[in-house]
Amino acid sequence: MNVFEAIKTRRTVGVVKQDPVPRDVTERILQSAVWAPNHFRTEPWRFFVLEGDGRNKLATALVEAIKEDMEDVTTEENQKRIEKQQNNPFRAPLVIVVGVEPSNEPKVPLKEEYAAVSAAIQNMLLTAHASGLGAIWRTGDICYHPKIAQSFGLSERGEVVGFLYIGYPVKEPKTVKKTDVSTYTKWFS
């Protein structure tokens, strides 16, 4: 699959089979990440690979994070929220938690560190797709909760940028129509 075809056909896949992802495929996905553009070559990305029971690490972190923001954890509504967070990491056989560990160099803009990690994630999504896998990049307030970063040993400046849920798609994703690029483009010649 050429790169343009991979870009055009990659879709978010939220429902995947529980079949394990082979280690060499996971390693290829991770390897693709470190080839992302990275100003000043700070390599700010961090990857935490969760398979099998290892997904409990994320489940525990998610539950700790939401409990911290609850007044009463015993209410029926909060118990449902806790159960949902506990189950989330088990939606896919492979979860890669992606973090950013920003450089302390004053000349390195913080935005560029996040941009590099986002580019790394896109490389990972494209590599997963090219490998016949489906993936979804999940974020949201819970992703950025300090408890999540602490659970994965990131520094006070570090943060989780996303959870990648990866597996073999249950069904082929639908094609989507995209707005023509001319809508967003101005040419200056």
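Normalising by the residue count of the range 1-119, find the relative contact order in percent from Cα pairs under 8 Å and 6+ residues apart. Can you show the working numbers first?
Details: 106 pairs, mean separation 47.5, N = 119.
The value is 40 percent.
So what is log10(I(q)/I(0)) for the chain at q = 0.15 1/Å, when the Debye sum runs over its Cα atoms only?
Treating every Cα as an identical point scatterer, log10 I(q)/I(0) equals -0.97.
Between G158, S103, P93, whose Cα lies farthest towards the positive end of the dipole of the chain when Lys and Arg beta carbons carry +1 and Asp and Glu beta carbons carry -1, centred on the Cα centre?
Of the options given, the answer is P93.
For a quick check of your reading of the filter: which GluC sites (Glu not before Pro) in the range 70-132 sit in a DSSP loop and have no more than 14 other Cβ atoms within 10 Å? Spell out each step's value before the answer.
Values: sites: E71, E76, E77, E83, E112, E113; in loops: E71.
Sites meeting the loop and neighbour criteria: E71.
How much accessible area per residue does the chain have, counting only protein heavy atoms and a probe of 1.4 Å, in square angstrom?
Values: 11760 Å² over 189 residues.
Value returned for the chain: 62 Å² of accessible area per residue.
Rounded to the nearest 500, what is the 222 nm mean residue ellipticity of the chain from helices alone, with -39500 (n - 2.57) per DSSP H run of 4+ residues and division by all residues? Walk me through the numbers on the way to the answer.
On the way: 6 runs with 70 residues, N = 189.
Theoretical 222 nm ellipticity from helices: -11500 deg cm²/dmol.
Whole Å is fine, so just give me how far the alpha carbon centre of the range 23-102 lies from that of the range 138-175.
So the separation of the two Cα centres works out to 5 Å.
Evaluate the charge dipole of the range 56-177 about its Cα centre and quote only its size in Debye, nearest 20, assuming +1 on the Cβ of each Lys and Arg and -1 on the Cβ of each Asp and Glu.
On the way: 14 positive and 16 negative charges, 134 e Å.
Roughly 640 debye, rounded to the nearest 20.
Would you please put 5-11, 174-180 in order of how densely packed they are, using the mean number of other Cβ atoms within 10 angstrom per residue and starting with the highest? Walk me through the intermediate numbers first.
Working: 5-11: 14.3, 174-180: 7.3.
Those peptides, ordered most packed to least, come out 5-11, 174-180.
Treating only the Cβ of Lys, Arg, Asp and Glu as charged (+1, +1, -1, -1), what charge dipole size does the range 122-189 show about its Cα centre? Round to the nearest 20 debye. Let's see the in-between values first.
On the way: 8 positive and 5 negative charges, 49 e Å.
Rounded to the nearest 20 debye, it is 240 debye.
Net charge near Y114, counting Lys/Arg +1 and Asp/Glu -1 over other residues with Cβ under 12 Å of its Cβ? Before the final figure, lay out the partial values.
Working: positive: K111, R157; negative: E101, E112, E113, E159.
Taking every other residue near Y114 into account, the sum is -2.
The values are calculated or read from the model by the stated rules, or taken from the named source; none is laboratory data. A quick note: this is a predicted structure, and the numbers were derived from the prediction, not measured. Methodologically, a virtual Cβ is constructed for each residue, glycine included, from the backbone with ideal geometry; neighbour enumeration extends over all protein chains shown. To get the accessible areas, we keep the full protein, side chains included, count just its heavy atoms, and leave off ligands, DNA and RNA. Shrake-Rupley method; radii C 1.70, N 1.55, O 1.52, S 1.80 Å.
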